[in-house]
Amino acid sequence: MTPRELVERADGAGPLPPSLLTRGLSKSFGLTRALTGVDLRVDAGTVHALLGENGSGKSTLIKTLSGYHHPDPGGSVEVGGQPLQAGVASSAYDLGCRFVHQDLGLVDTCSVADNVALTTGFPTRCGAVRRKALRRRTEEALQRLGLALDPDTLVGGLAAAERTGVAVARALADADRTSVRLLVLDEPTATLPDTEVKQLLAVVRAVAASGVGVLYVTHHLDEVFEVADDVSVLRDGRKVVTTKARALTRRELVEHLVGGELEEVSAASDSLPTAHAAPVLRVQDLSAGPLVTANFTVRPGEVVGVAGLTGSGRETLLPAIFGAIPRSSGRVQIGDVILAPGRPDRAIAAGLTLLPADRVRLGGVMSMSARENLTLPALRALWRAPRLRRRLEVAQARTWFERLDVRPRGAVDAPLGSFSGGNQQKVLFGKWLRCAPRVLLLDEPTQGVDIGAKAEIHRQILSAVEAGAAAVVSSSDYDELVALCRRVMVLRDGRFVAELSNGALTVAEVAREALGSEDRAA
Amino acid sequence: MSASPPARPRPGLGFDRFSGLYLWALIIIVFGIWVPDLFLTMGTLHSVAAQQAIAAIVALAVLVPLAAGAYDLSVGATVNLATIIVTVLQADKGWSMWPAIGVTVVACFVIGAVNGFVVVVLRVNSFIATLGAASIIAALQSIVSGQRQPLPPTSRAWSDLTQREVLGFQIVVLYMLVVAIILWLVLSQTPVGRYIYAVGGNAEAARLSGVRTGTWTWFSLTTSATLCGIAGVLYASLSGPSLTFGGALLLPAFAAVFLGSTQLYPGRFNVWGTLIALYALATGIKGLQLVTGVQWLADLFNGVAVITAVAFAVWRQRKARSKRDATASRRSKGTGGAEVDVGGVTPASGQQPAAVR
C-alpha cells in the first residue's frame, strides 16, 4: 500500500489536490535562462525526487518556489490547489510550503526544544516559558517523525542526520500542523555519512505518510530508488522526464541526467603533449575529512582533472594538498620538497598555488585593490628599501590586466570587490600565474563565471601548462574537465574509483563514474 | 558580464574622502567668526597641537592592530604603566634618563608580545584578550607605584626631553610627526603594511596567499604597545607621572581611528586620516570650550564621533555590498553558489573588525 492510497482513503472524498503544481515555470537572469517551462506535479503524501547536475536549475526552481526569485511571467505555481503569489516569500509559507535547506539554520548552542520553538513560538505563562509544555510539544513533533530525541539536548551535540531531522520537525511543527502541504528538502544528505542516510530517509517517509507532499532534491541515485515515488530530472533548465521510480533503472536515470552528450571529443586536451619528465607533484596516502585516501602524481605539462559529487572528498582534496585545511595523514611532495601540513606560505615558496573555490571568502581580499591582490603573494620582487616600487607594481598590474583581458582595463586600483565575478577570478588567477608556479591547483576555476571569462581562464591554464607548469583542476562541471584535461580522476566516497583518459574520457562516462551507476556498460 | 564594467570605484575628490578637512576648516571659520580674539591665536594653535600630540601617538598605536583586524584596548593602561615605570626608575631608583626610558619601552614591548601571544597562539578574541590585559596592567601599575603618585624626576635632561619648542610648537608635536611618518611609510609603502591590511581585510584569504597572518597580528599588537610606551614616556616628561591619563585616551583614540577610516582612503584605517580626524575633533572641542567654558564637551564630542564614524563606515559597507549582491545574482545561473557567495561576504570582507558590526 503506497502512502498515496492511504491519504486518499483517509480523505474519503476523493484525491487531495496536488501539493505542488507548476505549469510553464520559467526564470531568466538577464540573457541566461535558468529555467524553461518547467511543469512539475507533486502529489500529496508522496515523495517526489528532483535530480539534475550542477547548473541544471534545481536551486533556481527551489528559490522560485520559496519566493526568493521572481519567476518570468506566463508560468503558474499552485500549492494545494491555491495559486502562489509569485515572488512573495510569505505567500509560499501561508500556502503551506516548508523548506529545509542544506544549511539547516539551527542554533548549535540551543536545545532541540528551543530550536523548534524559535520558529513556532514558545508556550508561555505570564511571560515565562512553560518548560514542561514546550518539552511535551517538541517530543510530539519529534515522535511524529520517528525521532527519539531528548528535547533538552543541545543541537550541537547531535549527529548530522538527527540535526536534519530536527530541522524537518521544526519546519512541520506549526501551531496548525494540518496546513503544511509541501516540504522541500534541498540535498539533505549531501553532507551526511552513509550510516545516517537511512535514518533520514525514514524521517522523509514518515513525513509523506502524514499526507504532506515532499519534493526531495538530491544528487544520490540510491536514495531515489529507496525513498521516492516519482522522479523528475532537470537538465539545462528544462524538465527532461517525470516518471515512477519503480519503473526506472539506474542506467536510464543516469542517461536522463547527462543527456545525449555522449561522445564529445575535445580538441584542447588532444593537443597537449604528456611530458615524460619526472612527476612534479606527488600525493601519497592523503586523507582529510571525507577524503579517505588519495594517491597520485602529476607531471609537468599535464592538466589532471578531479571529478566527484558533493561529499565525495573532491572539495577537500586540493585544499588539503595545499595546506589550506589540516590533513589527517599523508605526504605531499613538490619536486624534492616535502610540504609541511597547514603551511600555505611554504607551499607557495615550493611552487604550489591554490585558486580556492570560494572566491569571496578565501580567494581574495575584496576590500583591497585589484593591484594589491595581484601582487600579494610575491611582494618581495617589488620591494626596494625603503619603499615598494609603486610604479613598477602598477605597470605589472596593467600587464596582467592586459594579458588576462580583465575589464575594465584601467581599474587596477579599484577594490577587487567592485569587479564582476569573472573578472575577479581572472585577477586571482593572474595573482598565481605571476608567481610562476610549478603546480597550479584550481578548485572550481570557472564557477559563477560568464562564458567569455571562462574561455579566457581555460586558455590561460593551457598556456601555463604549455610553458611547463602542471595543473590539477577540480570541478563539478564535467564539460570543463573533459575539455581541459588529458586524464580525469573520479572520486566517490572518499576514494579514487576511476581514471579516465583518451577515448574513455567523455562527459557521460565521468558522470557515470561519479554517480556510481553499477549497471553501466562494461 | 565582461561587457558591463563595474562602477568606477575611485572616489570623487569631493566631500567623500576629504569631509574631515572640510569639517575642520568649517570649525575654524565658525569659531574664527564667533570668538576671533580667543580662537584665532597662535596660542590656540600651539596648545591644541601640543595637547593632542600624545593622544595622536596613542591613536596611531590603536590604528596598527585595527588595520590588522585586532583590537587593542590595553593602550590606556599601557600608557599609564609607562609613565609610572619611567618615573619610578629615575626618581626612586636613581637611574639616569636613557636607561630608564629604554627599560620602559622594552617593558611595553613585552606587554605587546604577551598580548600577541594570547591572541595568536591561545586564539583569544583580541577584544577580550586586551580588555583582560588592561586590567592586569592596571594591577601591575599599582604594584610598581606602590599605590601612590611618584614624585617627578628632577633632572634637567628629563624636562628638556619635551619642554622645548621648535618653531613655537612644543617638541612633542615633532615627535608625533616623526612617529606618524614612520608608520605611514610602513603601512602604505612596504610589504609589511600590505600584509597587515590583507590580514585585516580577509585573514583566511591572506593566509592562503602565503601571508603569515599570526606573525603580523603579533607584530601589530607589539607595535601598538611599544608606541604606548613611547607615549607614556613623553607624557611623564611633559606633565609628570599619572595614574589616570591613559584611560582617558582610549575613546578619543578609537574615535579618531574610526573617523579617520572614512577619510582619504575610505574603508581603510590610515595614518593621515586618523590625524585629520583627531585634530578636527580637538579643534571643535577647543572652540566650544573657549565659548562655553565647560569641561564635559570633550567626552560628549568624542562619544558622538566614535558612534557616528562607525555607523557611517557600516552604512558605506552595506551600500558597497548591496551593489556587489546585484552583480552576484546577475551572474548566478542558479547553481546555489550565488547565495552562498553573498553570505560569505559578511565575515571576510571589509576593514572593520567583526565586533564593530
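Given the structure, is A:Asp72 of a type in the set (Asp, Glu), outside any helix (DSSP H, G or I) and modelled with pLDDT under 90? Step through it out loud before you land on a result.
Details: of a type in the set (Asp, Glu): yes; outside any helix (DSSP H, G or I): yes; modelled with pLDDT under 90: yes.
Yes.
I'm checking my understanding of the structure. Among residues of region A:47-67 that are within 8 Å of chain B (Cβ to nearest Cβ) and assigned to a loop (DSSP other than H, G, I, E, B), which one is farthest from A:Gly24 (Cα to Cα)? Top of the filtered list is A:Asn54. Looking at region A:163-174, is at least one residue assigned to a helix (DSSP H, G or I), surrounded by 15 or more Cβ atoms within 10 Å (Cβ to Cβ) and among the basic types (Lys, Arg)? Within region A:163-174, one or more residues are assigned to a helix (DSSP H, G or I), surrounded by 15 or more Cβ atoms within 10 Å (Cβ to Cβ) and among the basic types (Lys, Arg).
Please state which one of B:Ala59, B:Ala49 is at pLDDT 85 or above, part of a helix (DSSP H, G or I), in contact with a strand residue (DSSP E or B) (Cβ under 7 Å, 6 or more places away or on another chain) and among the small types (Gly, Ala, Ser). It would help to see each step written out before you state the result.
Numbers: B:Ala59 fails: in contact with a strand residue (DSSP E or B) (Cβ under 7 Å, 6 or more places away or on another chain).
When all the criteria are applied, what remains is B:Ala49.
For region A:430-439, a residue qualifies if it is within 11 Å of chain B (Cβ to nearest Cβ), hydrophobic (A, V, I, L, M, F, W, C) and in a helix (DSSP H, G or I), and exactly one does: A:Trp432.
Annotation: A:Glu444 fulfils all but one of (1) surrounded by fewer than 22 Cβ atoms within 10 Å (Cβ to Cβ); (2) in contact (Cβ under 8 Å) with a residue 40 or more places away in the chain; (3) out of contact with any Phe, Trp or Tyr (no Cβ under 7 Å at 6 or more places or on another chain); the unmet one is (1). Among residues of region A:121-147 being polar (S, T, N, Q) and in a helix (DSSP H, G or I), the one that is farthest from A:Tyr216 (Cα to Cα) is A:Thr138.
Which of the following residues is at pLDDT below 90, buried (at least 21 other Cβ atoms within 10 Å of the Cβ) and assigned to a helix (DSSP H, G or I): A:Val427, A:Val510?
Values: A:Val427 fails: at pLDDT below 90.
Answer to the selection: A:Val510.
Yes/no matrix, rows are residues, columns are (1) of a type outside the set (D, E, K, R); (2) assigned to a helix (DSSP H, G or I):
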| residue | (1), (2) |
| --- | --- |
| A:Thr353 | yes, no |
| A:Arg361 | no, yes |
| A:Met366 | yes, no |
| A:Thr375 | yes, yes |
| A:Phe401 | yes, yes |
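Listed by first and then second residue, the pairs with beta-carbon distance under 6 Å, at least 6 apart or on different chains, first residue in region B:174-191 and more than 17 Å from B:Ala231 (Cβ to Cβ) and away from chain A (no Cβ under 14 Å), second part of a helix (DSSP H, G or I) and among the small types (Gly, Ala, Ser), form an empty list. Evaluated against (1) at negative phi; (2) more than 14 Å from chain B (Cβ to nearest Cβ); (3) surrounded by 20 or more Cβ atoms within 10 Å (Cβ to Cβ), A:Ser91 falls short on exactly one condition, (3).
Is it the case that region A:408-419 has a residue that's assigned to a strand (DSSP E or B) and touching a helix residue (DSSP H, G or I) at 6+ places or on another chain (Cβ under 9 Å)? Yes: region A:408-419 contains one or more residues that are assigned to a strand (DSSP E or B) and touching a helix residue (DSSP H, G or I) at 6+ places or on another chain (Cβ under 9 Å). The set of residues from region B:74-104 being part of a helix (DSSP H, G or I) and of a type in the set (Gly, Ala, Ser) comprises B:Gly76, B:Ala77, B:Ala82, B:Ala91, B:Ala100, B:Gly102.
Each residue in region A:334-344 was checked for being surrounded by 18 or more Cβ atoms within 10 Å (Cβ to Cβ) and either in a strand (DSSP E or B) or within 12 Å of chain B (Cβ to nearest Cβ) (or both), and 2 pass. One residue alone among A:Ala44, A:Ala34 is aliphatic (A, V, I, L, M), touching a residue at least 60 places away in the same chain (Cβ under 8 Å), within 14 Å of another protein chain (Cβ to nearest Cβ) and surrounded by 14 or more Cβ atoms within 10 Å (Cβ to Cβ), and that residue is A:Ala34. For beta carbons closer than 8 Å, sequence separation of 6+ or different chains, a first residue in region B:113-132 that is among the aromatic types (Phe, Trp, Tyr) and surrounded by fewer than 24 Cβ atoms within 10 Å (Cβ to Cβ) and a second that is part of a helix (DSSP H, G or I) and at pLDDT 95 or above, the qualifying pairs are B:Phe117/B:Trp218. The conditions of being more than 12 Å from chain A (Cβ to nearest Cβ) and either outside any helix (DSSP H, G or I) or touching a Lys or Arg at 6+ places or on another chain (Cβ under 9 Å) (or both) are met by B:Leu243.
The residues listed here are B:Ile196, B:Ile276; of these, the one that is touching a residue at least 24 places away in the same chain (Cβ under 8 Å) and within 30 Å of B:Ser159 (Cα to Cα) is B:Ile276.
How many residues, within region A:14-39, are under 24 Å from A:Asp450 (Cα atoms) and at pLDDT below 85? Looking only at that region, the number is 7. Answer yes or no as to whether A:Gly351 is at the interface with chain B (Cβ under 7 Å from one of its Cβ atoms) and closer than 28 Å to A:Val449 by Cβ. When the stated conditions are applied, A:Gly351 does not pass them.
Could you tell me whether region B:275-291 includes any residue that is among the hydroxyl-bearing types (Ser, Thr, Tyr), in contact with a Lys or Arg (Cβ under 9 Å, 6 or more places away or on another chain) and at negative phi? No, region B:275-291 contains no residue that is among the hydroxyl-bearing types (Ser, Thr, Tyr), in contact with a Lys or Arg (Cβ under 9 Å, 6 or more places away or on another chain) and at negative phi. One residue stands out among those in region A:277-295 that are surrounded by 15 or more Cβ atoms within 10 Å (Cβ to Cβ) and without any contact (Cβ under 8 Å) to a residue 40 or more places away in the chain: the one that is farthest from the chain's Cα centre (by Cα), which is A:Pro279.
No other residue among A:Leu183, A:Leu106, A:Leu118 is touching a Cys at 6+ places or on another chain (Cβ under 9 Å) and either part of a loop (DSSP other than H, G, I, E, B) or buried (at least 20 other Cβ atoms within 10 Å of the Cβ) (or both) apart from A:Leu183.
If you go through region A:364-377 and keep only what is of a type in the set (Gly, Ala, Ser) and modelled with pLDDT of 90 or more, you end up with A:Gly364, A:Ser369, A:Ala370. I'd like the full set of residues that are surrounded by 14 or more Cβ atoms within 10 Å (Cβ to Cβ), touching a Ser or Thr at 6+ places or on another chain (Cβ under 9 Å) and either at pLDDT below 85 or more than 9 Å from every other protein chain (Cβ to nearest Cβ) (or both), limited to region A:382-415. Within region A:382-415, A:Glu393, A:Gln396, A:Ala397, A:Arg407, A:Val412 qualify. Does region A:450-492 hold any residues that are over 22 Å from the mean Cα position of the chain (by Cα) and hydroxyl-bearing (Ser, Thr, Tyr), and which are they? Answer for region A:450-492, where residues must be over 22 Å from the mean Cα position of the chain (by Cα) and hydroxyl-bearing (Ser, Thr, Tyr): just A:Ser463.
B:Val172 passes every criterion in (1) in contact with a helix residue (DSSP H, G or I) (Cβ under 7 Å, 6 or more places away or on another chain); (2) farther than 30 Å from A:Leu388 by Cβ; (3) not in a helix (DSSP H, G or I) apart from (3).
Looking only at residues that are assigned to a helix (DSSP H, G or I) and surrounded by fewer than 24 Cβ atoms within 10 Å (Cβ to Cβ) in region B:200-212, which one is nearest to the chain's Cα centre (by Cα)? Spell out how you get there, then give the answer.
Our first condition is that a residue be assigned to a helix (DSSP H, G or I); within region B:200-212, this holds for B:200-201, B:203-208.
Now narrow it down to the ones that are surrounded by fewer than 24 Cβ atoms within 10 Å (Cβ to Cβ): B:203-204, B:207.
Details: B:Ala203: 20, B:Glu204: 24, B:Arg207: 25 Å.
Step by step, filter region B:200-212, then rank; the result is B:Ala203.
The values are calculated or read from the model by the stated rules, or taken from the named source; none is laboratory data. Source: prediction; values computed, not measured. As a convention, Cβ positions derive from the backbone with ideal geometry for all residues, glycine included, and neighbour counts pool all protein chains shown.
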